[in-house]
Amino acid sequence: MTRELLTARLIHKRCLSESAQCFDLEFALEDRRELAFAPGQFVSAVAEDASGKQQMRAYSIASAPSGNRFALCLNRVDDGFFSNRLADMQEGDTLQFQEPLGFFTLHQPLTDSILIATGTGVAPMRGFLQWLFPEGGPDRSGGRQIWLVYGTRHETELYYREEFEAIAARQVNFHYLPTLSRAGEDWHGLRGYVQEHAVRIATEHNPEGAGAEFGIYAYVCGLSPMINAVRERLKELGWNRKQIITERYD
Ligand SMILES: Cc1cc2nc3c(=O)[nH]c(=O)nc-3n(C[C@H](O)[C@H](O)[C@H](O)COP(=O)(O)OP(=O)(O)OC[C@H]3O[C@@H](n4cnc5c(N)ncnc54)[C@H](O)[C@@H]3O)c2cc1C
């Protein structure tokens, strides 16, 4: 059965990193007043390529539910079809996509959580964080400890940095931990790969489950080598595989 296609118009385009060619695209749904989804889900964008063949690619929603608005975060991929098509969009252009789907969502009841991402894998994490800590709205974190361990190579690739720093400044239970694998000498923050820092947090912090099966969960999003590395390291600490919720981009 063919699923219904929705149409959204690009209302705001922002370059998040010139060097990484990463963009934040904010869309407004044309057909309905509300796009219903759970933070962390993805849409399947649809378009015809030059030969008339229909192409479809998944993109995590990089925002929390907010009426008919939603954001995507993507970077150009060499010779990629859809990433470059999206990156070339101009404000006013339209995008067709299928309804949001996916199981990369926050476990309920909410527990302490380590959010672990590299590159554009930060997209669903932004959705989680906007939902947990809405600006000017009710805090939905229930006082749970939330860490964002975000790895990139260079400082210029820390997408949404100001937004995460602003949340960390107003929420004592949110910890923003950017880590660079190729940091310059002037970088005073964390260095190395996300798995090292995730393991340190998991070692230092081992709460009992209160209502949930486990007291702490990890949410991991990005490319498979990173996800596998995180999974291996947490399993070595004795974590159950159900505690590790993943979204693979490849
Ligand atoms: C559930 C899900 C959510 C996703 N969310 C996002 C998101 O929020 N933001 C985002 O940017 N991407 C996301 N992706 C990846 C996205 O769907 C595409 O795979 C990506 O944009 C490349 O598509 P393309 O058409 O440009 O490249 P293609 O034309 O499909 O591929 C071109 C070449 O690039 C290689 N390639 C494909 N993907 C990558 C990659 N990520 N890095 C390096 N090389 C690659 C291919 O092997 C191929 O050789 C998500 C994927 C999944 C499964």
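Here are some notes:
- Region 9-168: antiparallel DSSP beta bridges as a percent of all, rounded to 5: 80
- Taking 16 Å as the straight-line reach from the Cα of K13, the aspartates and glutamates in range (excluding those fewer than 8 positions away in the same chain) are D24, E26, D88, E91, D93.
- Summary of the geometry: region 172-250 and region 91-129, compared by the centres of their Cα atoms, lie 16 Å apart.
- Using a Förster distance of 35 Å, the FRET efficiency for D31-R140 (Cβ separation, nearest 0.05): 0.80
- Whole-Å semi-axes of the ellipsoid equivalent to region 121-250 (Cα gyration tensor, √5λ, descending): 22, 21, 14
- Its DSSP H runs of at least 4 residues, each contributing -39,500 (n - 2.57), put the calculated 222 nm mean residue ellipticity of the chain at -6000 deg cm²/dmol, to the nearest 500.
- In plain terms, the chain from R14 to T94 could stretch by 27.2 nm, reckoned as 0.36 nm per residue minus the Cα-Cα distance.
- Principal axis dimensions, the chain - Cα atoms, whole angstrom, descending: 53, 43, 36
- The A169 and A212 beta-carbon pair, evaluated with R₀ = 25 Å, returns a calculated FRET efficiency of approximately 0.35.
- Of the peptides 71-78, 13-20, 201-208, 101-108, the order by per-residue mean of other Cβ atoms within 10 Å, starting with the highest, comes out as 71-78, 101-108, 13-20, 201-208.
- Calculated FRET value between D250 and R200, using beta carbons and R₀ = 35 Å, to 0.05: 0.85
- When M125, M89, M226, M56 are sorted by how many other C-beta atoms sit within 10 angstrom of their C-beta, beginning with the fewest, the order is M56, M89, M226, M125.
- Other residues with beta-carbon under 10 Å from the beta-carbon of A45 carry, at +1 per Lys or Arg and -1 per Asp or Glu, a net charge of +2.
- Region 5-101 - Debye-derived log10 I(q)/I(0), Cα point model, q = 0.15, 0.16, 0.22 Å⁻¹: -0.55, -0.63, -1.20
FYI, it's all coordinate maths here, none of it is from the lab. As the structure is a prediction and not an experimental result, all values here were calculated from the model. Using ideal geometry, Cβ is built from the backbone for each residue, glycine included, and neighbour counts are taken over all protein chains shown.
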